[in-house]
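> Pasting a structure below so you can have a look.
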Amino acid sequence: MSDESGNFETPEEFTKIESIYVRHRNALMVRGQFTPVYTDYYLHLMQHGIRHNGDLDLMLKDFMALITLHAVARPWAETIAWTVNLRAPRINLFATASSLQESVTGRLFTEDVREPDRNLFYSQVLAPNQHEPRISTLEVDGKDPVYWVEQYYRQSEQRPGKAFRLPDEEFVLMVAQPDCDMEWFNSLDEATVAVIETAEETKLLETRRLRFHCGCTLDKILPVLGNWRERPEELFEGEDSITIQCPRCAARYVITRDML
């Protein structure tokens, strides 16, 4: 398989996400090992000369892993986007995932970020049978994406969900199903989740795969600047070129006057 630029892909570029049903407990476990996603994410940062503070970088990586697991826990055709607007540090985290596109991407916004009076989590879900995206907003506590997911499931999904970091860049999302054993579910921690397949009766329901990939190109970026065609001086401010960033992945594109 090759991408739009003709570069051949290898299966190792994809992260395999497994959906596993825990029998008798009535819970869904979604898990994945995210080294392939993170490898391509870092190659992307290097290609575009992007550097993040270590703590913010880790936060974004966790955020992308968790939205990937959530997307796999949801129907195939949905495309999901999450944005978290934090007070301190004053940043926006953005991530989006699609099982149909087999892709996840994300970025940090650290400049010109509106300071909210509380930490806000925005979710947008697109599905083929919907004319408008389904949007929900909630207040979240703390700076840990793992904890945000638990709050999101409780308030927006209206069912219990818990996320876990395991060693070797593995993440697990547990989602309660009807008649779930809630005493067992509430007792789950990293240690019990790590051995759940040996301690419980489980069944593999499906496997999906996703990779870090945005799909943005210069041809897709240029139409956004169409409104500036009649007033280029306002856009270029005396310069021969400008650099703009993709709003989804922060890829940088140099735009010259003759491109408009």
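> For segment 34-112, which trypsin sites (Lys or Arg not before Pro) pass both filters: DSSP loop (anything but H, G, I, E, B) and at most 10 other C-beta atoms within 10 Å?
Numbers: sites: ARG51, LYS61, ARG87, ARG90, ARG107; in loops: ARG51, ARG87, ARG90.
Filter output for segment 34-112: ARG51.
> Any idea how many Lys pairs in the chain come in under 26 angstrom at the alpha carbon, given 8 or more places apart or on separate chains?
So the count works out to 8.
> Long-range amide H contacts for THR202: which residues qualify at under 5 Å (H placed 1.01 Å from N, peptide plane, sequence gap of 5 or more or a different chain)?
ARG23
> Let me ask something additional. Using modelled backbone amide H atoms (1.01 Å from N, in-plane), which distant-in-sequence or interchain residues come within less than 5 Å of ALA250's amide H?
When sequence neighbours closer than 5 places are left aside, there are no close amide H contacts.
> Checking a compactness column here: for segment 72-179, what do you get for Rg(Cα) / (2.2 N^0.38 Å), N being the number of residues?
1.11
> Want the number for GLU230 to ASP144: 0.36 nm per residue separation, take away the alpha-carbon distance, what's left?
Values: separation 86, 0.36 × 86 = 30.96 nm, distance 4.52 nm.
Length difference between fully extended and current span is 26.4 nm.
> Less than 12 Å Cβ to Cβ from PHE94, Lys/Arg counted +1 and Asp/Glu -1: what total charge do the surrounding residues give?
In short, +2.
> Each residue of segment 157-170 in order: what ³J(HN,Hα) in whole Hz does its phi give by Karplus 6.51 cos²θ - 1.76 cosθ + 1.60, θ = phi - 60°, with x for Gly and Pro?
For segment 157-170, the Karplus curve yields 7, 6, 7, x, x, 9, 10, 9, 8, 10, x, 6, 6, 9 Hz.
> Oh, and also: Taking θ as phi - 60°, what are the ³J(HN,Hα) couplings along segment 179-189 by the Karplus curve (6.51, -1.76, 1.60), each to the nearest whole Hz, with x for Gly and Pro?
Ordered by residue, 3J(HN,Hα) equals 6, 5, 6, 6, 5, 5, 4, 5, 8, 4, 9 Hz.
> Now for a separate question. Regarding segment 9-137, what whole-number volume in Å³ per residue does the convex hull of its Cα atoms give?
152 Å³
> In addition: For segment 4-118, what is the relative contact order in percent, using Cα pairs closer than 8 Å and at least 6 residues apart in sequence? Don't jump to the answer; show the numbers that get you there.
Details: 152 pairs, mean separation 20.6, N = 115.
Over segment 4-118, the number comes to 18 percent.
> Once mean projected area of the Cα convex hull in nm² is worked out from the coordinates, which option in (i) 13.6; (ii) 20.2; (iii) 16.3 does it equal?
After the calculation, the listed value that fits is (iii).
> Then there's this: I'd like the Karplus ³J(HN,Hα) series for segment 66-75: coefficients 6.51, -1.76, 1.60, θ = phi - 60°, whole numbers in Hz, and an x wherever there's a Gly or Pro.
Once rounded to whole Hz, the list reads 6, 5, 5, 4, 4, 4, 6, 6, 9, x.
> Still on this structure: Under 5 Å between amide hydrogens, which residues at least 5 positions from ARG87 or on another chain qualify, with H placed 1.01 Å from N in the peptide plane?
ASN119
Each value in this text was obtained by applying a stated rule to the coordinates, not by laboratory testing. Keep in mind that this is a model prediction, so the values were computed, not measured. Glycine gets a Cβ as well: all are built from the backbone with ideal geometry, and neighbour counts include every protein chain shown.
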